[in-house]
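Readers should treat all values here as calculations from the given coordinates under stated rules, not as data from a laboratory. What you are looking at is a predicted structure, and each value in this text was computed from that prediction instead of being measured. Reconstructed Cβ throughout: ideal geometry from the backbone, glycine too, with neighbour counts over all protein chains shown.
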Amino acid sequence: MMLRSDAIERTIEFGRALAKLLENDDVVVLCGDLGAGKTHLTKGIAEGLGIFSDITSPTFNIMRQYDCDGGKVLCHWDLYRLDEIEQLDDVDFYGMLESGCITVIEWGDRFPEALPDDYLKISISLDSATERTLELEGIGPRGLALAQGLASMIAGAE
Amino acid sequence: MIQRANCSEILIAFDTSTEAIALGAAFDVDRASLGACAADFPALDEAIIHTDSIAAKRCANTRLLPSVDEMASAKGIAREDVVAIVCGRGPGSFTGVRIGVATAKGAATGLGCALYGVPTLDAIAWEAWLAGYRGALGVVGDALRKEVYPVRYDLREEVAVRLNPDMVDKPAAASARWAAEFAARGDAIMLAGDGLAKFLDTFEGAFAEAGAKCEVLPEERWAVTGRGLLMAYYEMKRRGALGGGHPQELQPVYTRLSDAEENEKIRLETTGAPMPGVLVGNPEFDVRASGDGKLHPSEAANLPTNADAFAASSSADIPSSGVGEQAQLHYRRGGIARDAAPEATELGLRKPLILAIETSCDETAAAIIDSERTMIADLVATQVDFHARFGGVVPEIASRKHTEAIVGVVDETMDRAGEALGLNRSLDFSELDAIAVTQGPGLVGALVVGLAFAKGLSWATKLPLIGVNHLEGHIYANRIANPAIEPPMVVSLVSGGHTMLVHVKDWGDYEILGQTLDDAVGEAFDKVAKALGLGYPGGPVISRLAAKGNPDAIDFPRAMLHSHDFRFSLSGLKTAVMTYIKDELAAGRELNMPNIAASFQRAVVDVQVAKALAAVEETDVDEFCLGGGVAANPELRKSLAEAIGAHGVHVTLPELSACTDNAGMIAAVAIDLWRKGEFLDLTADSLPNMEL
């Protein structure tokens with residue numbers, strides 16, 4: 001499934017839409033080159049979850065955690081800076097993944113063997129300075145449900 | 001009966017490897033006096049002062065020491081009677097194990113007592129043994145990632161014997177292996193461990209399929225308990241397998257295989273390796289396989305506790321004969337001169353003396369500061385000669401290896417402080433007034449080690465604990481560089497994680513004028529360096545390369561230069577550099593690396609200078625300072641000094657070494673917090689996203 005974005009605002013809107021579907025334990029993996037808009041998409045997800053503090057890229061801190069409305073927790077990961085899979089243990093990646101929060105992982109494709117069995121993968125490609133293509137891929141039943149849910153929500157809105 | 005002569009010698013035991021806190025206290029008796037079997041339980045009941053297992057999902061850091069403190073008060077345990085801390089080494093949750101180990105190291109260091117590690121899963125086996133179970137036992141620890149830590153034990157009448165080293169495995173593989181073994185044997189295996197909470201069905205299914213029998217122990221026997229840890233300790237003591245007891249020695253058990261090892265294991269299994277599931281490249285397995293007990297020096301610290309499991313098999317026939325039961329001489333921290341009155345007077349003039357610990361990112365650091373903000377000792381791990389300190393045990397000093405380095409760094413800091421104060425001995429913790437530690441922001445896995453250690457130290461020494469904001473530390477680095485500066489002033493904080501302009505109205509009173517909306521400056525340097533294939537960290541490489549290039553060669557965007565506020569955006573610049581590189585390569589042109597580096601750096605610096613200038617003008621201050629790791633960038637320093645200096649504003653640029661992470665700046669903040677009486681209690685947790 002493909003979504004097209006013609007502006008940063010549009011990418012953020014996709015994130016807001018996805019947030020409506022997200023429950024605790026859901027995992028969203030964001031892939032794409034530097035500047036593709038992964039953090040913008042996360043910004044939208046956070047807004048949709050009722051988080052209004054600034055969402056900045058956690059490249060340096062690796063992970064940032066936010067409390068959302070209704071007792072949900074958002075964990076925003078950026079694995080860009082990590083080189084070895086062992087470092088995921090250092091940053092308590094697996095512990096947090098199984099702690100019952102909503103997980104968004106930028107650069108999750110760097111460590112495919114570290115990812116859970118069931119997640120939504122969104123690959124963003126840069127078509128031009130402003131245009132992006134977002135490819136939705138459901139890995140596992142829950143991932144698939146999220147991909148279909150988001151695609152039909154966007155289609156319904158257009 | 002218990003030998004009462006030992007009764008003022010007390011052990012405190014804990015483990016936080018699982019989702020429960022195991023806690024216990026006992027007299028340091030000899031195993032022989034406890035009797036050989038269940039019939040002698042009354043003796044054990046007299047030895048064990050307290051045993052518990054407290055549910056604490058992901059909150060070991062906030063609950064461990066309050067529980068220890070409560071136990072000590074309730075049971076009347078005086079700190080000076082504690083001869084050793086017994087700590088579960090894992091395996092388990094990585095963060096859980098590190099919190100337990102770091103707390104134990106801090107407490108043992110502060111008490112000046114011994115620290116011994118026991119294998120976490122052994123405690124579960126001993127708990128079952130104490131409950132009267134005998135026969136084959138399989139302990140299944142939860143390893144996360146849908147994996148388990150399976151260990152087989154033989155619960156004999158007089159002793160629990162471990163049959164395999166700590167390892168990680170798939171539940172299906174471990175259960176199938178055990179099921180096959182017990183189908184062939186015909187008898188039943190008992191099962192326990194927190195891994196069963198997730199994988200009980202897998203194990204029961206495998207046994208049913210193989211036609212083997214298993215008996216699942218009641219759920220209350222799955223947990224690690226205080227008395228289980230203490231029994232594991234007594235048994236290791238009996239065998240003389242405890243090790244030296246120096247708090248530096250204890251290291252967590254890491255069993256997770258690296259990818260290379262995993263591939264090797266699969267290769268061995270598919271080519272008919274004799275022992276499926278046994279670790280490749282694991283020191284424990286090496287001990288067993290080679291049989292000569294030879295270990296690489298860096299693994300020497302693990303030797304006693306790893307090797308003991310196998311010693312158990314051969315010495316199980318002499319559990320209470322008294323063989324090898326020489327009185328254990330516990331490690332004691334040395335060099336304490338308690339009658340040094342003249343020195344104390346001299347020290348009194350310099351009080352408060354505060355020890356600060358910093359582990360927010362890559363560096364393990366400690367420093368001691370006096371009331372005049374004089375840095376008495378100021379160390380980072382990379383400066384410590386660990387080989388000289390610990391005679392051959394060389395901990396790997398890599399990023400985030402704080403657990404291995406922290407005791408050495410603190411010990412060395414205390415030594416150097418004693419030297420600097422002319423004491424001819426190490427400074428004693430009793431001569432300090434507080435322990436300070438970086439509470440945030442930073443990497444969660446790194447912060448918890450420093451905080452847990454500092455809390456353990458604070459509990460043991462009864463010294464107040466001070467939590468310091470790392471960013472405030474960077475602001476205070478300027479105060480160390482130039483003691484004369486006084487607020488109001490503007491500080492530009494630029495590091496790998498932060499890019500902000502702060503209006504310092506007074507020490508401790510800050511207004512963030514603006515910060516980055518996306519990437520930090522240091523992060524942009526790192527990402528561009530990576531894209532150019534230059535490695536990490538990016539700052540130094542880019543600035544060296546930039547010195548050889550033309551800063552006007554490429555017109556990269558200056559984002560938010562005219563936004564008329566103090567917010568930054570680096571994401572667009574980063575994207576522009578990526579696009580430029582892509583386009584150049586697509587056009588078949590060779591990249592002019594120095595020009596890209598210089599032009600990128602110029603774009604960053606232009607915005608930094610313009611915003612800093614505007615901030616100084618708007619706040620009408622006479623003082624400007626720089627802080628954070630990127631403050632080491634020569635081009636940024638030069639441009640800021642010129643531009644802002646030209647406006648008649650005094651500019652302070654801390655020394656390069658003071659710009660990067662260090663504990664001196666944490667100590668400097670701590671002095672002010674000490675004066676204000678702002679302390680943390682034992683429930684304090686690290687705050688990875690702490691704000692200024």
Open item on the list: Just to check I understand the Karplus step: with θ = phi - 60° and J = 6.51 cos²θ - 1.76 cosθ + 1.60, what whole-Hz values come out for segment B:523-535, glycine and proline as x?
Closed with: 5, 4, 4, 4, 5, 5, 4, 5, 5, 8, x, 9, x
Task: Helical mean residue ellipticity (222 nm; -39500 (n - 2.57) per DSSP H run of 4+; nearest 500) of the protein assembly as shown - done: -12000 deg cm²/dmol
- [ ] Mind putting a number on the dipole of segment B:132-217 about its Cα centre? Charges go on the C-beta only, +1 for Lys and Arg and -1 for Asp and Glu, and I need it in Debye to the nearest 20.
- [x] 140
Task: Which of B:Ser458, A:Ser99 has the fewest Cβ neighbours within 10 Å, and the rest in rising order - done: A:Ser99, B:Ser458
Task: Difference of contour (0.36 nm per residue) and Cα-Cα distance, A:Ser125 to A:Met2 - done: 43.2 nm
TODO: Pairs of Cα atoms under 8 Å, at least six residues apart: use those to get the relative contact order of segment B:554-692, whole percent.
DONE: 19
Task: Rg over Rh, two decimals, segment A:2-157 (C-alpha only, Kirkwood Rh) - done: 0.93
- [ ] Treating cross-link reach as a plain straight distance, find the lysines whose alpha-carbon is under 25 Å from the alpha-carbon of B:Lys351, omitting any fewer than eight places away in the same chain.
- [x] B:Lys455, B:Lys462, B:Lys676
Task: Straight-distance crosslink candidates among lysines, where the alpha carbon sits under 16 Å from B:Lys401 and sequence neighbours closer than 8 are dropped - done: B:Lys105
Open item on the list: Please give the charge dipole size of the protein assembly as shown, origin at the Cα centre, charges +1 on K and R Cβ atoms and -1 on D and E Cβ atoms. Round to the nearest 20 debye.
Closed with: 620
Task: Table column - 3J(HN,Hα) (Hz), segment B:678-684, Karplus curve with 6.51, -1.76, 1.60, x for Gly and Pro - done: 8, 10, 9, 9, 6, 8, 4
Task: Interchain or long-range residues, amide H under 5 Å from A:Cys31's placed H - done: A:Ile122, A:Ser123, A:Ile124
TODO: Can you list which of the trypsin sites (Lys or Arg not before Pro) found in segment B:538-585 are DSSP loop residues with at most 13 other C-beta atoms within 10 Å?
DONE: B:Lys548
TODO: Find the Rg to Rh ratio for segment B:489-620, where Rh is the Kirkwood radius over alpha-carbon pairs and Rg uses the same atoms.
DONE: 1.02
TODO: Calculate I(q)/I(0) for the protein assembly as shown by the Debye formula, one identical point scatterer on each C-alpha and no solvent, and give its log10 at q = 0.10 Å⁻¹ to two decimals.
DONE: -1.14
- [ ] Give, rounded to the nearest 20 debye, the magnitude of the charge dipole that segment A:1-145 has about its Cα centre when Lys and Arg contribute +1 at Cβ and Asp and Glu contribute -1 at Cβ.
- [x] 560
Task: Average beta carbon contacts from partner chains per residue of A:97-106, 10 Å cutoff - done: 1
TODO: Please report the relative contact order for chain A, taking Cα pairs under 8 Å with a sequence separation of at least 6, and give it as a percent rounded to a whole number.
DONE: 32
Task: C-alpha long axis of helix A:38-48 to longest principal axis of chain A, angle in ° - done: 80
TODO: Could you name the lysines whose alpha carbon sits less than 17 Å from that of B:Lys611, not counting residues in the same chain fewer than 8 places away?
DONE: B:Lys638
TODO: Identify the GluC sites (Glu not before Pro) of segment A:1-72 meeting these criteria: DSSP loop state and at most 14 other C-beta atoms within 10 Å of the C-beta.
DONE: A:Glu23
Task: In sequence order, calculated HN-Hα J values of segment B:361-376 (Karplus, 6.51, -1.76, 1.60; Hz; x Gly/Pro) - done: 9, 8, 9, 8, 9, 9, 8, 10, 10, 10, 5, 8, 6, 7, 7, 7
Open item on the list: For segment B:588-660, take every pair of Cα atoms, bin their distances at 5 Å starting from 0, and report each bin as a whole percent.
Closed with: 3, 16, 24, 21, 17, 9, 5, 3, 2, 1, 0
TODO: Place +1 on the Cβ of every Lys and Arg and -1 on the Cβ of every Asp and Glu in the protein assembly as shown, take the dipole about the Cα centre, and give the residue among A:Leu120, B:Ile354, B:Ala22 whose Cα lies farthest towards its positive end.
DONE: B:Ala22
Task: Inter-chain Cβ neighbour average for residues A:64-71, partner chain, 10 Å - done: 1
Open item on the list: Using Cα-Cα distances under 8 Å and only pairs 6 or more residues apart, what relative contact order does segment B:132-217 have, in percent?
Closed with: 31
TODO: Count the net charge of all other residues whose Cβ sits under 14 Å from the Cβ of B:Arg134, scoring Lys and Arg as +1 and Asp and Glu as -1.
DONE: -4
Task: Footprinting exposure proxy for B:Trp507, B:Trp129 (fewest neighbouring C-beta atoms within 10 Å first) - done: B:Trp507, B:Trp129
Task: GluC sites (Glu not before Pro) within segment A:85-151, DSSP loop, no more than 16 other Cβ atoms inside 10 Å - done: A:Glu86, A:Glu131
